[in-house]
1. Going residue by residue through segment 39-49, is there one that turns out to be in a loop (DSSP other than H, G, I, E, B) and on the phi < 0 side of the Ramachandran plot?
2. Can you tell me which residues in segment 25-67 are touching a Phe, Trp or Tyr at 6+ places or on another chain (Cβ under 7 Å) and touching a residue at least 60 places away in the same chain (Cβ under 8 Å)?
3. Restricting attention to segment 39-63, and to residues there that are surrounded by 14 or more Cβ atoms within 10 Å (Cβ to Cβ) and of a type in the set (A, V, I, L, M), which single residue is nearest to the chain's Cα centre (by Cα)?
4. Is it true that some residue in segment 75-84 is at pLDDT below 95, among the charged types (D, E, K, R) and under 20 Å from residue 11 (Cβ atoms)?
5. Restricting to segment 4-24, count the residues that are touching a residue at least 12 places away in the same chain (Cβ under 8 Å) and either at positive phi or loosely packed, with under 13 Cβ neighbours inside 10 Å (or both).
6. Given the options 66, 36, 27, name the one that is over 21 Å from residue 8 (Cα atoms), loosely packed, with under 15 Cβ neighbours inside 10 Å and not small (Gly, Ala, Ser).
7. Of the residues 63, 49, only one is under 30 Å from residue 91 (Cα atoms) and not polar (S, T, N, Q); which?
8. Using the structure shown, decide if residue 92 is touching an Asp or Glu at 6+ places or on another chain (Cβ under 8 Å), part of a helix (DSSP H, G or I) and either farther than 24 Å from residue 3 by Cα or at pLDDT 95 or above (or both).
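The values are calculated or read from the model by the stated rules, or taken from the named source; none is laboratory data. Note that this is a predicted model, so its numbers are computed, not measured. No Cβ is skipped: glycine too gets one built from the backbone with ideal geometry, and neighbour counts run over all protein chains shown.
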Amino acid sequence: MAERCWDLDALNADYQAFLERFRAQLPRYRSGRLAPDEALVTRIELFHEWRKFPFRDPGLPLELLPARWCGHDAHQLFKEASELLLPAAERAIDSITGTRREEPVQMSASTI
């Protein structure tokens, strides 16, 4: 029934493409060696690529999803990459705006 309501195979393929694009970069993000401007651009790209999924993914229980579902892995990667890129991205924003915040902006990756 779920396959008749949603194109889960296409959605899963898009999750897989997201994983392939960003998973290879995780070691760089974890190293903390990205320049602030690169971290900002990368984080914007990450959010841009991710933001379509909450509108397309019906959030079905695991037993209704196709075998080898990539959605959960993609979500975990999104959250980790978003958090790893945040400090350097904020430094870029501070540099652009000429300000410095005492507290980092908290944009929860889990709600996007």
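1. no
2. Of everything in segment 25-67, just one residue is touching a Phe, Trp or Tyr at 6+ places or on another chain (Cβ under 7 Å) and touching a residue at least 60 places away in the same chain (Cβ under 8 Å), namely 50.
3. Among those that are surrounded by 14 or more Cβ atoms within 10 Å (Cβ to Cβ) and of a type in the set (A, V, I, L, M), it is 46.
4. No.
5. 2
6. The match here is 27.
7. Just one listed residue meets the conditions, 49.
8. yes
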